[in-house]
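Following: one structure in structure tokens, then a few remarks.
The values are calculated or read from the model by the stated rules, or taken from the named source; none is laboratory data. Keep in mind it's a predicted model, so treat the numbers as computed, not measured. All Cβ positions, even for glycine, are placed from backbone atoms using ideal geometry, and neighbour counts span all protein chains on display.
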Amino acid sequence: MSLVSDTSRLAGRLARLDTKSQALSQTEYHFLLGRFVNAAFLAQATATATKWGVHPHEVLIATGWLKADDYYRALAEACGTTFKADLPPSEVAPPATSMSPRQCLAHGLLRYLRMR
């Protein structure tokens, strides 16, 4: 095989991968489309995210195309939960005792279930 055919085959694979990642972003971020960003901004954010090695929503927020509060509010709504803009320190501060990440998660879930 020649270097030219290998390069064109690689370019074709990258183009298909880019198309797949844009389609995936469209489905993952459907709750933002139309309301906060359009498909073109999302496609650009997805391409930039691939280059930067981050998630598309991080690009949208970092570039100023989307406010962080708007993203989290829309995400909470899409997940069927409420968004709290201001949390008291007791809800966000880690426990003073040394706990494993699994124990911290369980503690947080138990607190959430007790509040409901």
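Which residues, counting only those in segment 77-116, are in contact with a helix residue (DSSP H, G or I) (Cβ under 7 Å, 6 or more places away or on another chain) and at pLDDT 70 or above?
If the condition is that a residue be in contact with a helix residue (DSSP H, G or I) (Cβ under 7 Å, 6 or more places away or on another chain) and at pLDDT 70 or above, then THR82, PHE83, ALA85 are the ones that fit.
Considering only residues of segment 44-65 that are touching a residue at least 12 places away in the same chain (Cβ under 8 Å) and closer than 12 Å to GLU28 by Cα, which is surrounded by the most Cβ atoms within 10 Å (Cβ to Cβ)?
The extreme case among them is PRO56.
Give ALA68, ALA15, ALA74 a once-over and let me know the one that is at pLDDT 90 or above, surrounded by fewer than 14 Cβ atoms within 10 Å (Cβ to Cβ) and either under 12 Å from the mean Cα position of the chain (by Cα) or among the small types (Gly, Ala, Ser) (or both). Break it down into steps so the answer makes sense when it comes.
Details: ALA15 fails: at pLDDT 90 or above; ALA74 fails: surrounded by fewer than 14 Cβ atoms within 10 Å (Cβ to Cβ).
Exactly one residue qualifies, and that residue is ALA68.
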